[in-house]
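S.K.: The structure is given below, and queries will be raised subsequently.
The values are calculated or read from the model by the stated rules, or taken from the named source; none is laboratory data. Not measured: the values here are computed from a predicted model. Glycine also receives a Cβ, built like all others from the backbone with ideal geometry; neighbour counts cover every protein chain displayed.
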Amino acid sequence: MSGRATPLFLLFLCLTLGSVQNQGSSQDAFIIQYLERRLIQMEERLNQCEQNTLGITQKSFDLSSEIRGCVSSLSMLRSEVKSQVDGVSVRVERVERELEFLENKIPTQSHIEMEEALLEQQIKAAELEQLKKKAEITLENDCSTALSQIKSLKIVKRTGDPNGSWFKDPSEGSATVYLLSGIRNNTVLEYKSLKQFTKTSAAPLKVVQLPFSWQGTGHVVYHGFLYCHKADTPNEILKVDLLNGTVVDSTLLPGAGRLPVYSLNPNTYLDMAVDELGLWVIHADPEYGGNLVITKLDKGTLAVDHTWDTQCRSHDAEGAFLMCGTLYVVYNTRYGGRSTIQCLYDIHDTIHSSESPVVFFPKRYTSHSSIHYHPGDKQLYAWDDGYQTIYKVETRRNDGIVAE
């Protein structure tokens, strides 16, 4: 009896264990399927999150680009507004100078209401004073002359860079020759005379090393002082004592330095000049379409005496000079050619460009980097592709060309 019970018990145990295992397998499969569904749902959510993140990142990038564009546009607008404000400021200053000039010319109400006898007396006194002044005027200071033609050409020497300037001090009694080579330098060479300068092996009388660099080729020396455009500044003019190379005065020229004064000399923004009336500076004004502007300066204080806007364009111009208060502009081509004077402007309004013939330079097909007029010699000192050249000019009285 006990022997039969044992196998039956074992059989029952095996069946019980198998049933338990089958139940366990079903539960495991259910758990696995549940976990797989949860994992799939998590992956879907992660993908959705990633897509949302990419969308937000793209929107942020687009917004950032738009903001950068707006900032750039605002910067440009700010620059334009600043430029316009500067232009308006310059215009206001000029209008103020014009008003002051007109106020000095127009008599006040009290003067208009003067008694006739007193007025006639004053007129006679003024006429007498004017006659006295005319009697004291020498030929050198007589500014009733105008340019007639460029008479002759003389090549003096070839030295220095392709661009530069050379000239004599136009003050009375001075024979010193000055040479400034290049478009940016700090060295001024002095020669005792033109004769010494023309010698091939002649060493300069003096070499002046300045504590700063000048820019362009529009310099002059007047009464022993160098007037030049300081490098790395838009419109600062310096007055330098050449005895010791020190700066004695400086000024900022309103409205200048935004455009090269001549399109064929792109490194010169301010062109200094001297004529029978004194010290001048020529520059181009973008507010007038790039036309040239001339300003009369006080040689002692560098104060602006007066400014004139001309109709002469800077495009295709290579240089200019003044003679008796008349601006003569020299034109050429960017490839080099025969230089011509095609535009002039007379501050006294007695010579008109439309009534004056074109003046041709002697037949030398090249270009000038600087042209300086000497009122005493009646000559032009020009830098011609590295050649130092002198042009003899012929003048005439301008009484025959009077504005109608």
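S.K.: Inside segment 316-380, counting only strands (runs of 3 or more DSSP E) that do not spill past its ends, which hold 1 or more residues that are closer than 19 Å to Trp166 by Cα and assigned by TED's automatic domain parsing to the domain that holds Pro162?
M.R.: It comes to 317-323, 326-331, 368-374.
S.K.: Restricting to segment 157-167, count the residues that are modelled with pLDDT under 95 and not acidic (Asp, Glu).
M.R.: As a first pass, look at segment 157-167 and keep what is modelled with pLDDT under 95: 157-162.
Next, only the ones that are not acidic (Asp, Glu) stay: 157-160, 162.
Total meeting the criteria: 5.
S.K.: Sticking with this one: Could we say that Thr268 is crowded, with 20+ Cβ neighbours inside 10 Å, outside any strand (DSSP E or B), in the same structural domain as Pro375 (by TED's automatic domain parsing) and not basic (Lys, Arg) here? Reasoning before the result, please.
M.R.: Working: crowded, with 20+ Cβ neighbours inside 10 Å: yes; outside any strand (DSSP E or B): yes; in the same structural domain as Pro375 (by TED's automatic domain parsing): yes; not basic (Lys, Arg): yes.
For Thr268, the condition - crowded, with 20+ Cβ neighbours inside 10 Å, outside any strand (DSSP E or B), in the same structural domain as Pro375 (by TED's automatic domain parsing) and not basic (Lys, Arg) - is met.
S.K.: Given the conditions (1) under 22 Å from Tyr178 (Cβ atoms); (2) hydroxyl-bearing (Ser, Thr, Tyr); (3) without any contact (Cβ under 8 Å) to a residue 24 or more places away in the chain, and given that Tyr288 satisfies all but one, which numbered condition is not satisfied?
M.R.: Of everything listed in (1) under 22 Å from Tyr178 (Cβ atoms); (2) hydroxyl-bearing (Ser, Thr, Tyr); (3) without any contact (Cβ under 8 Å) to a residue 24 or more places away in the chain, Tyr288 misses just condition (1).
S.K.: Any residue in segment 28-46 that is among the charged types (D, E, K, R) and either within 55 Å of the chain's Cα centre (by Cα) or closer than 30 Å to Val293 by Cα (or both)?
M.R.: The answer is no, given that none of the residues of segment 28-46 is among the charged types (D, E, K, R) and either within 55 Å of the chain's Cα centre (by Cα) or closer than 30 Å to Val293 by Cα (or both).
S.K.: Now for a separate question. Among (1) modelled with pLDDT of 80 or more; (2) not assigned by TED's automatic domain parsing to the domain that holds Lys392, where does Leu131 come up short?
M.R.: Of (1) modelled with pLDDT of 80 or more; (2) not assigned by TED's automatic domain parsing to the domain that holds Lys392, only one is false for Leu131: (1).
S.K.: So which pairs qualify, if the first residue must be in segment 335-346 and over 16 Å from Tyr373 (Cα atoms), the second must be basic (Lys, Arg), the Cβ gap must be under 8 Å, and the two must be at least 6 apart or on different chains?
M.R.: Cβ pairs passing all conditions: Arg338/Lys363; Arg338/Arg364; Cys343/Arg313.
S.K.: Restricting attention to segment 271-313, which residues are part of a strand (DSSP E or B), small (Gly, Ala, Ser) and either within 29 Å of Glu172 (Cβ to Cβ) or modelled with pLDDT under 95 (or both)?
M.R.: Ala273, Gly278
S.K.: Further question on the same structure: Please identify the pairs in which a residue from segment 266-280 that is without any contact (Cβ under 8 Å) to a residue 60 or more places away in the chain has its Cβ atom under 9 Å from the Cβ atom of a residue that is of a type in the set (Lys, Arg), counting only partners at least 6 apart or on another chain.
M.R.: Pairs that qualify, where the first residue is without any contact (Cβ under 8 Å) to a residue 60 or more places away in the chain and the partner is of a type in the set (Lys, Arg), are Tyr269/Arg258; Gly278/Lys296; Gly278/Lys299; Leu279/Lys296; Leu279/Lys299; Trp280/Lys296.
S.K.: Identify, please: which residue in segment 279-298 is at negative phi and surrounded by fewer than 18 Cβ atoms within 10 Å (Cβ to Cβ) and is, among those, nearest to the chain's Cα centre (by Cα)?
M.R.: Pro286
S.K.: Quick one: which of Ala256, Ala303, Ala284 is in the same structural domain as Asp346 (by TED's automatic domain parsing) and within 17 Å of Leu344 (Cα to Cα)?
M.R.: Of Ala256, Ala303, Ala284, the one residue that is in the same structural domain as Asp346 (by TED's automatic domain parsing) and within 17 Å of Leu344 (Cα to Cα) is Ala284.
S.K.: Take Lys59 and decide whether it is under 24 Å from Gly255 (Cα atoms) and of a type in the set (D, E, K, R).
M.R.: Criteria not met by Lys59.
S.K.: Can you go through Val329, Val393, Val304, Val359 and tell me which one is touching a Pro at 6+ places or on another chain (Cβ under 8 Å) and crowded, with 16+ Cβ neighbours inside 10 Å? First the steps, then the outcome.
M.R.: On the way: Val329 fails: touching a Pro at 6+ places or on another chain (Cβ under 8 Å); Val393 fails: touching a Pro at 6+ places or on another chain (Cβ under 8 Å); Val359 fails: touching a Pro at 6+ places or on another chain (Cβ under 8 Å).
Checking each option against the conditions leaves just Val304.
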